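The values are calculated or read from the model by the stated rules, or taken from the named source; none is laboratory data. Note that the structure is predicted; figures quoted are calculated from it, not measured. SASA here: full protein model, heavy atoms, side chains in, ligands and nucleic acids out. Shrake-Rupley method; radii C 1.70, N 1.55, O 1.52, S 1.80 Å.
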Amino acid sequence: ASKLSELINTDSNVLQSQLAEQRLKFEKNLDPQFLQDLDDPLDSYLQYIKWIRENYRSGNTHESLLIQVLERTTHDFKDDDYYKNEIRYFKVWLEYITYSDHPGDVFNYLFKKKIGSDLSLFYENYSLFFELNDQWENAEEILKLGLSIKARPLPRLSKSYDEFLTRRSSKTAKEKPR
């Protein structure tokens, strides 16, 4: 039993050491000196996030540091006009929102900074936030705003709006007394 315990602990220590070594490489790849020569610096962050997901299956934990890497990624590109409406970057924001205690504040921030403002995904998720909080008028206004600016892909946003109207109509019908 003691040998088995020793073997398990050794393997765990070796694994932790390997993960720490790999993390260090990712951290070095996020050095501004390294990033400045890349065509797509966001890719280094995305690879790091992917590595965390693959090696820490339980998501955001003290060991994974996922939330810190998501925060760093969202922060480092928030003022970069090229990335503001880049779908990969916006999806990082959406993942970050899932860990937020105040998703409404994050959506307001995105709206003010025009991050995702050209993307249907922004309007669909912001609207869904309002819908889940029983703020149906706000949800509809956000979708209409996305349609008015022709967020891309527009056909999908149009479909999302129609589906929203169906859900709203169904909810209203259920609430009416008979």
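Observations
- Max mean-square fluctuation residue, GNM over the chain, Cα-Cα springs under 10 Å, options 68, 18, 135: 18
- Straight-line cross-link partners of residue 171 among the lysines, defined as a Cα under 22 Å from its Cα and at least 8 positions apart when in the same chain: 144, 159.
- Computed over protein heavy atoms with a 1.4 angstrom probe, the accessible surface ordering of 109, 126, largest first, is 109, 126.
- Accessible area per residue was computed with a 1.4 Å probe on protein heavy atoms; residue 147 scores about 40 Å².
- Computed on the chain, with alpha-carbon pairs under 8 angstrom and 6+ residues apart, the relative contact order is 12 percent.
- Residues whose amide H comes within less than 5 Å of that of residue 152, counting only those at least five positions distant or on another chain, are 119, 120 (H built at 1.01 Å from N in the peptide plane).
- For the pair residue 162 and residue 80, the difference between a 0.36 nm per residue extended length and the Cα-Cα distance amounts to 26.2 nm.
- Cα gyration tensor shape for the chain, rounded if a/c is under 1.5, else prolate or oblate: oblate
- The phi-based Karplus calculation (6.51 cos²θ - 1.76 cosθ + 1.60; θ = phi - 60°) puts the 3J(HN,Hα) values of region 13-22 at 5, 5, 4, 4, 5, 5, 5, 5, 5, 5 Hz, whole numbers, x for Gly and Pro.
- Cross-link partners for residue 84 among the lysines, with Cα-Cα distance under 18 Å and sequence neighbours closer than 8 places in the same chain left out: 112, 113, 114, 150.
- Added length on full extension, which subtracts the Cα-Cα distance from 0.36 nm per residue, residue 25 to residue 54: 8.9 nm
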